Amino acid sequence: MRAVVTVTGTDRRGIIAKVSCFLAERNVNIEDISQTILGDKFAMIMMVDTSESKEDLASLSKDCEEMGRAIGMSVRIQHEDIFNAMHNI
Amino acid sequence: MFSKFDVLETIDMIEREHLDIRTVTMGISLLPCVRESAELTARAVYDRVTKKAERLVETADALSAEYGIPIVNKRVSVTPVSLVTAAFPERSALVGKALDRAARELGIDFLGGYSALVHKGTADYEKTFLETIPEVLAETERLCSSVNVGSSRSGINMDAVRQMGEIVLKTARLTANEDGKGCAKLVVFCNAVEDNPFMAGAFHGVGEADTVVNVGVSGPGVVQHALKAVPDADLTDAAETIKRTAFKITRAGQLIAKEAANRLGARFGIVDLSLAPTPARGDSVAHILEELGLEVVGCHGTTAALAMLNDAVKKGGVMASSRVGGLSGAFIPVSEDIGMIESAEAGRIGLDKLEAMTCVCSVGLDMIAIPGDTPASTVSAIIADEAAIGMINNKTTAVRVIPAVGKKVGDQVSFGGLLGRAPVMPVHTGDAGKFIGRGGLIPAPIHSFKN
């Protein structure tokens with residue numbers, strides 16, 4: 001299943017490293033990655049594949065939230081369909 | 001495919017602009033629960049509701065986590081209870097209390113359907129049922145009640161209107177220690193819809209399938225934010241902006257509704273496109289109207305702005321969902337909208353303007369505190385006026401007023417949570433007692449004859 005990981009917050013060193021490491025530990029494969037910096041705001045968007053992960057999306061989502069709190073960023077993982085639904089006809 | 005800007009826009013809507021799914025409401029038919037006694041019926045009702053909806057909360061929570069969008073309320077609506085207890089109406093409270101226990105067991109905040117449909121006439125069993133409403137609302141916590149007193153096809157049942165004025169007052173008196181909170185759970189409708197997911201007016205119509213999932217979306221904050229980005233647009237472009245935003249909001253609702261129905265083994269009912277405010281700042285329908293250029297909600301121009309907003313929300317939403325229903329428009333409850341509360345406290349919006357606004361948006365005079373010494377005939381007359389607007393304009397209208405016992409204009413009532421707070425607003429003091437006392441049926445309007 002494809003999902004979207006978003007990381008937003010104040011830019012600092014090592015964010016990509018921490019998030020990719022977290023995803024690798026859970027067997028979540030990163031397919032695409034892009035980032036933008038708007039002022040001092042950092043936004044990273046990853047397309048990921050969760051089909052090999054042992055955790056379901058709901059628990060991955062809780063883990064992401066906790067990890068985000070630990071690194072002082074907002075980290076979310078969401079089923080891609082929410083974006084497909086809202087932005088495609 | 002979507003772009004990274006689309007992703008960030010959605011995240012912003014959720015994190016900063018209060019985008020959420022306001023309610024996932026499961027409609028459950030109670031008709032298979034009718035038994036030979038009130039006790040057996042109450043037990044059957046409790047068993048059916050707790051069984052059918054046992055996974056409602058966990059399913060909604062899982063969907064919320066997976067799609068990353070908050071689902072604020074999980075609720076249940078049931079067949080109007082007056083139909084289920086028709087053989088023993090004086091004991092309807094037993095079923096009402098069983099439903100309240102079921103709601104607590106399920107972990108949901110409200111359950112709607114302690115209701116009666118009396119728009120063309122009140123049967124004896126319905127008259128008795130209506131009399132049970134005040135006590136039941138006083139003795140239950142999560143049960144909501146609604147009564148349909150008129151329709152465009154049948155006219156307005158003025159006997160029921162008269163009775164409901166008394167029932168609203170009695171409910172206020174019996175729940176006076178909670179500022180009349182019982183009245184916040186009691187709605188009097190004209191043209192009630194059978195698939196409304198929003199409380200307090202939700203019930204499961206007899207024309208519905210056995211078990212359905214209806215979803216109410218929200219997002220006043222998202223619409224306000226979108227309008228902020230086009231401060232100098234003319235109203236055609238502003239309407240277009242609202243439409244586009246409503247489309248996106250509704251698509252999220254459609255996705256959740258279909259998935260929830262699928263996982264719960266129920267039929268996908270409808271998506272209700274209503275913009276439902278909360279007392280939180282940044283979640284106000286009044287502030288959308290002010291964003292359009294009004295100094296304060298309630299000033300001249302408010303009705304026009306609301307008409308445009310309501311229509312644009314519908315147009316965007318209809319395109320986004322395969323099944324639209326419920327009330328689908330903007331809600332204007334006074335106590336549940338921070339912009340409304342502030343305007344009412346400053347004396348800049350009154351009952352007359354609110355009544356005019358109900359001509360062009362969904363629902364009606366909603367969550368309005370009125371003086372505790374308002375006579376029953378005046379409450380009935382307020383209901384009659386709203387019902388007339390609904391009947392003539394082929395739309396749903398409703399009255400949910402809270403007579404504030406022992407309080408006068410300028411005092412405040414407070415319910416906490418989503419129900420909010422409201423200043424007591426003045427009502428006209430001229431006496432409508434003779435008019436209301438006439439009873440009978442206001443005949444259906446000429447344009448109802450469409451066959």
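A few remarks follow.
- Any hit, segment A:50-64, residues being aliphatic (A, V, I, L, M) and within 22 Å of A:Thr10 (Cβ to Cβ): no
- Consider segment B:33-56 and keep the residues that are in contact (Cβ under 8 Å) with a residue 60 or more places away in the chain, outside any loop (DSSP other than H, G, I, E, B) and not β-branched (Val, Ile, Thr). The one that is farthest from the other protein chains (Cβ to nearest Cβ) is B:Lys52.
- When residues of segment B:421-451 are limited to those that are buried (at least 18 other Cβ atoms within 10 Å of the Cβ) and β-branched (Val, Ile, Thr), the one nearest to the chain's Cα centre (by Cα): B:Val424
- Matching entry among A:Ser59, A:Ser20 (being among the small types (Gly, Ala, Ser) and either touching a helix residue (DSSP H, G or I) at 6+ places or on another chain (Cβ under 9 Å) or within 14 Å of another protein chain (Cβ to nearest Cβ) (or both)): A:Ser59
- Scope segment A:3-19; condition under 14 Å from the mean Cα position of the chain (by Cα) and free of Cβ contacts under 8 Å to residues at least 24 places away in the same chain; matching residues: A:Ala17
- Of the residues making up segment B:357-388, those that are in a strand (DSSP E or B) and either within 18 Å of the chain's Cα centre (by Cα) or of a type in the set (Phe, Trp, Tyr) (or both) are B:Leu365, B:Asp366, B:Met367, B:Ile368, B:Ala369.
- Filter result for the condition that a residue is within 30 Å of B:Glu9 (Cβ to Cβ) and buried (at least 22 other Cβ atoms within 10 Å of the Cβ), over B:Lys74, B:Lys52: B:Lys74
- Of residues in segment A:62-89 being within 9 Å of chain B (Cβ to nearest Cβ), part of a loop (DSSP other than H, G, I, E, B) and surrounded by fewer than 16 Cβ atoms within 10 Å (Cβ to Cβ), the one modelled with the lowest pLDDT: A:Ile89
- Candidate set: segment B:223-249, residues that are among the acidic types (Asp, Glu) and part of a helix (DSSP H, G or I); chosen: the one farthest from the other protein chains (Cβ to nearest Cβ): B:Asp237
- Considering (1) at the interface with chain B (Cβ under 7 Å from one of its Cβ atoms); (2) over 22 Å from A:Gly9 (Cα atoms); (3) crowded, with 16+ Cβ neighbours inside 10 Å; (4) not acidic (Asp, Glu), the lone condition that A:Ile45 does not fulfil carries the number (2).
- B:Ala307 passes every criterion in (1) surrounded by fewer than 24 Cβ atoms within 10 Å (Cβ to Cβ); (2) touching a Leu at 6+ places or on another chain (Cβ under 8 Å) apart from (2).
- Selection status of B:Ala252, crowded, with 24+ Cβ neighbours inside 10 Å, in a helix (DSSP H, G or I) and of a type in the set (Gly, Ala, Ser): yes
- Within segment B:257-289, tally of residues that are crowded, with 24+ Cβ neighbours inside 10 Å and within 14 Å of another protein chain (Cβ to nearest Cβ): 3
The values are calculated or read from the model by the stated rules, or taken from the named source; none is laboratory data. Model, not experiment: these values are computed from the prediction. Backbone-built Cβ (ideal geometry, glycine too); neighbour counts: all protein chains shown.
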